[in-house]
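The values are calculated or read from the model by the stated rules, or taken from the named source; none is laboratory data. Predicted model, so just to flag it, every value in this text is computed and none were measured. Heads up, the Cβs are rebuilt from the backbone with ideal geometry, glycines too, and the neighbour counts pull from every protein chain shown. Only protein heavy atoms, including side chains, enter the accessible area calculation; ligands, DNA and RNA are left aside. Shrake-Rupley method; radii C 1.70, N 1.55, O 1.52, S 1.80 Å.
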Amino acid sequence: MKLLKDSVNISCKLLKIMLPVSILVKILSHFGIIETISRGISPVMGIMGLSGEMGIVWATAMTTNIYAGILTLFTLTENTSVTVAEITILSTIILVAHSLPVELKVISETGAKPSKILGIRVFCAIIAGVFLNIVFKLFNLYQENANFSFIPEKAKPGIFYWIQGEAKKYMMIFFIIFILLAVMEILQKIGVIDWINLKFSPMMKLFGIESGLSFTCIVGLTMGISYGSGFIIKESREGKYSKRSFFLVAVFMSLCHGLIEDTLLMVSIGAKMIGIFWFRLIFAIVVTVIFNKLMPYEKLEKIGKGIEE
């Protein structure tokens, strides 16, 4: 019963965060606000070796989700070709900064200010895109045309189908959180969590993150921010860890999460692992280490109920 109660509590907490933001994004999309944002960032795309039209793709992914971004990409490239290098760069910046309204609200459960994480994600995405563009052009890599092996199905129009899709998404979140909590409880009892914390302790120390948050980082890294933040909600209630650790977790998970599903999705549209997996992982590690070195250690207060309230 406790497991079910915890799952419901965490899922309801995430629902309160995600549902209002999803509704707001739907309204903004309906009134063309996303297109306005797209035009604003188009000039930035050139320094990453991408056309201005790719700004529409990235803006769509940032304000809605990855699938909507990919659908926009297919629509814009129906009569034109793009190189593998361009797809890899675009995919990488999308994976670093996507679904921002929802994910920023969710990641705020770490106690980090959404505005700071927004700046970090967008700035780091641009830096990543510029770096990959320089490397690909310098070594003449991946200049062949990309082939799309996967095209996501377009969502059916109408508010009913949108509500249906959102309901399915939240039910899936509850189910996965329930499974994860059950697995975590079993692993805790047989000592695997302690083993994970011990093995990852050197890396967590490098990040400046307390070792007890290793499993939370692993969940976020492999499965995504929503599930990782679900564990953060659980850990924050226990009040064991410092605000500083939670902020560094937020930085790391924001830059590199969903390594399994998101990576496979981008591979299916022709992106290369060197950008969407290896570079993204190494880049997130480097940025988190930099933040650890730059951040002062004075305030290590426990975050506890502060998040929950």
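Numbers for the structure displayed
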{"read-out": "Residues satisfying the stated conditions in segment 141-150, i.e. surrounded by 11 or more Cβ atoms within 10 Å (Cβ to Cβ) and modelled with pLDDT under 80", "value": "F148, F150"}
{"read-out": "Of the criteria (1) open to solvent by less than 30 Å² (accessible area, probe 1.4 Å); (2) in contact with a helix residue (DSSP H, G or I) (Cβ under 8 Å, 6 or more places away or on another chain); (3) more than 21 Å from L255 (Cβ to Cβ), which one M54 fails", "value": "(3)"}
{"read-out": "Test: residue in segment 181-203 that is among the aromatic types (F, W, Y) and not in a helix (DSSP H, G or I)", "value": "yes"}
{"read-out": "Selected residue [open to solvent by 60 Å² or more (accessible area, probe 1.4 Å) and out of contact with any Ser or Thr (no Cβ under 7 Å at 6 or more places or on another chain)] from H98, H30", "value": "H30"}
{"read-out": "Any hit, segment 229-252, residues being without any contact (Cβ under 8 Å) to a residue 60 or more places away in the chain, among the basic types (K, R) and more than 27 Å from F148 (Cα to Cα)", "value": "yes"}
{"read-out": "Residues being among the small types (G, A, S) and loosely packed, with under 14 Cβ neighbours inside 10 Å - total across segment 188-208", "value": "1"}
{"read-out": "Filtered residues of segment 80-116 (kept if of a type in the set (V, I, T) and farther than 24 Å from N133 by Cα)", "value": "V102, V106, I107, T110"}
{"read-out": "Residue list for segment 218-247, filter: within 17 Å of E261 (Cβ to Cβ) and assigned to a helix (DSSP H, G or I)", "value": "I218, V219, G220, L221, T222, M223, I225, S226, Y227, G228, S229, G230"}
{"read-out": "Odd one out for I260, checked against (1) under 26 Å from F178 (Cα atoms); (2) β-branched (V, I, T); (3) buried (at least 24 other Cβ atoms within 10 Å of the Cβ)", "value": "(3)"}
{"read-out": "Subset of segment 100-150 that is out of contact with any helix residue (DSSP H, G or I) (no Cβ under 7 Å at 6 or more places or on another chain) and of a type in the set (S, T, Y) - its residue that is nearest to V25 (Cα to Cα)", "value": "S115"}
{"read-out": "T77 at pLDDT 80 or above, under 30 Å from V135 (Cα atoms) and surrounded by fewer than 21 Cβ atoms within 10 Å (Cβ to Cβ)", "value": "yes"}
{"read-out": "Out of S81, S51, S22, sole residue that is closer than 20 Å to A125 by Cα and of a type in the set (S, T, N, Q)", "value": "S51"}
{"read-out": "Boolean, S245 is surrounded by 17 or more Cβ atoms within 10 Å (Cβ to Cβ) and either at positive phi or modelled with pLDDT under 80 (or both)", "value": "no"}
{"read-out": "In segment 248-279, the residues that are within 15 Å of the chain's Cα centre (by Cα), over 19 Å from R121 (Cβ atoms) and assigned to a helix (DSSP H, G or I)", "value": "L264"}
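Conditions (1) at pLDDT 95 or above; (2) within 17 Å of the chain's Cα centre (by Cα); (3) open to solvent by less than 60 Å² (accessible area, probe 1.4 Å), marked per residue:
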position: S108; (1), (2), (3): no, yes, yes
position: K116; (1), (2), (3): no, yes, no
position: I127; (1), (2), (3): yes, yes, no
position: F139; (1), (2), (3): yes, no, no
position: P152; (1), (2), (3): no, no, yes
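Here's the yes/no breakdown for (1) open to solvent by less than 40 Å² (accessible area, probe 1.4 Å); (2) in contact with a Gly (Cβ under 9 Å, 6 or more places away or on another chain); (3) among the aromatic types (F, W, Y):
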residue	(1), (2), (3)
K2	no, no, no
R39	no, yes, no
M45	yes, yes, no
A61	yes, yes, no
E86	no, yes, no
